[in-house]
Amino acid sequence: MSNIENKVSYLDNGDSTRMLPEVLEEILPYLSEHYGNPASLHQFGLDAEEAIDSARSKLAEAIGAKPAEIIFTSGATESNNLALNGLRYQFPDKRHLIISPIEHASVDNIAKRWSREGWAEVTKLKVNSEGFVDPDSLRSAIRDDTLLVSVIHGNMEIGTIQNLTELGEICREKGVLLHSDCAQTFGKIPLNIGELPVDLASFNAHKMHGPKGVGALYIRKKVKVRRYFEGSPQEHGVRPGTENVPGIIGFAKAAEIAIRDMDKEMKRVDELAGRLADGLMEIEHVGFNGPPVGKNRLPGNVNITFRYIEGEAILMHLNIKGVYVSSGSACSSTTLEPSHVLTAIGLLHEDAHGSIRYTLSRLNDEEDVQRALQVTNETVKQLRAMTAFIPEKHSKHVDENAQTFYKHKND
Amino acid sequence: MSYSKKYLEHFSSPQNVGILDNPDAEIEVAHEGGGCFDRIKMTIISEEDIIKSINFKARACSGTIAAASAATAWAVGKSLEEALSLTPAIIEQELGGVPEKKLHSVELAAEGIRKAAGEVLTNSGNK
């Protein structure tokens, strides 16, 4: 223990990542000498415009899109809002929205709001115990007045990567638009949005070692989206407001690096995640949430249920011992509600409460895995010694997924 | 907000954890409402209306573990009557403050102490 004390293992890269030095270096001039507004007509303005145009081209290339199809935003939350609200204003007669039950809060809360306000009827698709959307439930949910289908590409909690080709083809067949939140997948798995049957897609920079406060919305050519707040006609008139020039520059750089190093780094990250998952599954009374590591799962994502104890207490112990993670427990949220993702895949509230998410990045190494295993083991032991409550009920899905985990290991 | 030093001490090295043998009373309290599943079990031993020992076990978040530790530490040596008047604010003070989202923890721990003391008094009244 002594040699690994006083160090931090940051295993919460699904929440945010550390900016790479090369990205920072690229941004710095745009925080000082290059301060022009891209809308200005003098040289400083023209330089800034050229810089963001170049970044737009790089980013477009990175996702297999055309530069004119990229709108810069403040992040994936704004992109999701722009996609959904932009279409709502464009097609006010279409009053039906379809989403998965495991969306990011931004999409989930727009759906709740539209439903509450009586603007739209919302259908939530079915997912199986690993979080994959049931294509049949999509096929039968689409109606004549369906505005949009929105399905998150890589789930932020359990790492499930949806088959957008299959889901998109159903949407195409039925003539309905598909939006996907790709915040977690971009930079981690190969993504050619131009070739996918997807019409709108949301991205951000800070999950891939870029800066916070910048993202993008891909809008396929010929898809019309109306701006939902007013200002000057930046970003093809769809997203008013002076562009975040340093952020955009950093975003493009981070994307370039992520794609350049993807094969090597993501393979390594997933090997680390595999060892972490194997080690954690050796602890008694645990469950594995989401698909097996390496099988349509976000690289580096491990989500485990530790039964009979509370996720927030695990998180806090790990925090004190220098391992930073996140939890789907209600006590780690301000609403005291457990993760809607974990309950959607069939976990009982008790099991959702005991869940911990570890998300690794290219900046993690074997030492982080060993530290996480050691302190998680200690913590679980300590907290279980304190509990007098061993409930009789368990989530069937936790057991099923644990079986899949072991089966996969023996493949 | 950040957690206070006392909160973190009570959470990471909680006092009075366990189950007493031959207690005067054994009670359970659980958080009702919301999705929170925090539960505390307490056992208590008193002598001439003074609390000699009070222990707890919990399936709970950091706040409830810290609050149960601070509440039981506060209760030892107090009279059963005093324990009946324990308020969440006293535990909050013992912990050097708690974030708003942990107010349910201090409420639950206070309820546990009051219920334990009340049960002893009821039992002794029945004797």
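Points worth noting:
- Complete set of residues in the stretch A:175-190 that are open to solvent by 20 Å² or more (accessible area, probe 1.4 Å) and part of a loop (DSSP other than H, G, I, E, B): A:Gly175, A:Leu177, A:Lys188, A:Pro190
- In the stretch A:258-274, residue nearest to A:Gln370 (Cα to Cα) [restricted to those that are open to solvent by less than 30 Å² (accessible area, probe 1.4 Å) and under 19 Å from the mean Cα position of the chain (by Cα)]: A:Ala273
- Residues of the stretch A:81-120 that are farther than 14 Å from A:Tyr228 by Cβ, open to solvent by 60 Å² or more (accessible area, probe 1.4 Å) and among the hydroxyl-bearing types (Ser, Thr, Tyr): A:Ser115 alone.
- A:Glu312 being within 14 Å of chain B (Cβ to nearest Cβ) and either free of Cβ contacts under 8 Å to residues at least 60 places away in the same chain or out of contact with any Phe, Trp or Tyr (no Cβ under 8 Å at 6 or more places or on another chain) (or both): yes
- Residue match in the stretch B:76-87 (condition: open to solvent by less than 50 Å² (accessible area, probe 1.4 Å) and within 30 Å of A:Ser339 (Cα to Cα)): no
- Among the residues of the stretch B:31-44, those that are within 12 Å of chain A (Cβ to nearest Cβ) and either among the aromatic types (Phe, Trp, Tyr) or in contact (Cβ under 8 Å) with a residue 24 or more places away in the chain (or both) comprise B:His31, B:Gly34, B:Cys36, B:Phe37, B:Asp38, B:Ile40, B:Met42, B:Thr43.
- Unique residue being open to solvent by 60 Å² or more (accessible area, probe 1.4 Å), under 26 Å from A:Ala258 (Cα atoms) and assigned by TED's automatic domain parsing to the domain that holds A:Gly241 when the list is A:Glu33, A:Glu69, A:Glu78, A:Glu50: A:Glu50
- In the stretch B:45-70, the residues that are in contact with a Leu (Cβ under 7 Å, 6 or more places away or on another chain) and either away from every other protein chain (no Cβ under 14 Å) or outside any strand (DSSP E or B) (or both): B:Ile45, B:Ser46, B:Asp49, B:Ile51, B:Ser53, B:Thr64, B:Ala66, B:Ala67, B:Ala70
- The residues listed here are A:Leu342, A:Leu347; of these, the one that is under 20 Å from the mean Cα position of the chain (by Cα) and within 13 Å of another protein chain (Cβ to nearest Cβ) is A:Leu342.
- Verdict on A:Gly194 being touching a residue at least 40 places away in the same chain (Cβ under 8 Å), surrounded by fewer than 24 Cβ atoms within 10 Å (Cβ to Cβ), in contact with a Gly (Cβ under 7 Å, 6 or more places away or on another chain) and part of a loop (DSSP other than H, G, I, E, B): no
- Subset of the stretch A:99-124 [touching a residue at least 12 places away in the same chain (Cβ under 8 Å) and among the acidic types (Asp, Glu)]: A:Glu103, A:Asp108, A:Glu121
- Failed criterion for A:His236 (all others in (1) open to solvent by 10 Å² or more (accessible area, probe 1.4 Å); (2) at negative phi; (3) over 16 Å from the mean Cα position of the chain (by Cα) hold): (2)
- Test: residue in the stretch A:167-174 that is assigned to a loop (DSSP other than H, G, I, E, B), at pLDDT 95 or above and of a type in the set (Gly, Ala, Ser): no
Residue by residue, here is whether (1) at pLDDT below 95; (2) more than 24 Å from A:Leu191 (Cα to Cα) holds:
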residue	(1), (2)
A:Ser232	yes, yes
A:Val245	no, yes
A:Ile249	no, no
A:Asp270	no, no
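- Of A:Ile152, A:Ile142, A:Ile161, all but one fail to be over 17 Å from A:Asp181 (Cα atoms) and of a type in the set (Val, Ile, Thr); the exception is A:Ile142.
- Members of the stretch A:290-324 found to be under 16 Å from the mean Cα position of the chain (by Cα) and crowded, with 24+ Cβ neighbours inside 10 Å, listed by number: A:Gly290, A:Pro291, A:Arg297, A:Leu298, A:Pro299, A:Gly300, A:Asn301, A:Val302, A:Asn303
- Being at pLDDT 95 or above, open to solvent by less than 40 Å² (accessible area, probe 1.4 Å) and farther than 24 Å from A:Gly241 by Cβ is true of A:Leu11.
- Condition check for A:Gly274: part of a strand (DSSP E or B) and either within 26 Å of A:Gly187 (Cβ to Cβ) or in contact with a strand residue (DSSP E or B) (Cβ under 6 Å, 6 or more places away or on another chain) (or both): no
For every residue, the table says whether it meets (1) among the hydrophobic types (A, V, I, L, M, F, W, C); (2) under 30 Å from A:Gly215 (Cα atoms).
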residue	(1), (2)
A:Asp261	no, yes
A:Met266	yes, yes
A:Ala277	yes, no
A:Gly294	no, yes
A:Leu298	yes, yes
A:Ile345	yes, yes
A:Ser361	no, yes
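- Yes/no for B:Ala109 being under 27 Å from A:Ser327 (Cα atoms) and either within 14 Å of chain A (Cβ to nearest Cβ) or not in a loop (DSSP other than H, G, I, E, B) (or both): yes
- Considering the stretch B:1-48, and only residues there that are over 12 Å from the mean Cα position of the chain (by Cα) and polar (S, T, N, Q), the residue that is nearest to B:Lys78 (Cα to Cα) turns out to be B:Ser46.
- Meets criteria (in contact with a Ser or Thr (Cβ under 6 Å, 6 or more places away or on another chain), under 21 Å from B:Gly97 (Cα atoms) and either open to solvent by 10 Å² or more (accessible area, probe 1.4 Å) or assigned to a loop (DSSP other than H, G, I, E, B) (or both)) for B:Pro23: no
- Restricting attention to the stretch B:91-103 and to residues that are open to solvent by less than 20 Å² (accessible area, probe 1.4 Å) and within 12 Å of B:Thr64 (Cβ to Cβ), the residue that is nearest to the other protein chains (Cβ to nearest Cβ) turns out to be B:Lys102.
- Total residues in the stretch A:52-85, condition among the small types (Gly, Ala, Ser) and more than 13 Å from A:Ala201 (Cα to Cα): 6
The values are calculated or read from the model by the stated rules, or taken from the named source; none is laboratory data. Every value quoted in this text rests on a predicted model; they were computed, and no experiment measured them. Don't worry about glycine lacking a Cβ; one is built from the backbone with ideal geometry, like all the others, and counts go over all protein chains shown. Please note that ligands, DNA and RNA were not included when accessible areas were found on the heavy atoms of the full protein model with its side chains. Shrake-Rupley method; radii C 1.70, N 1.55, O 1.52, S 1.80 Å.
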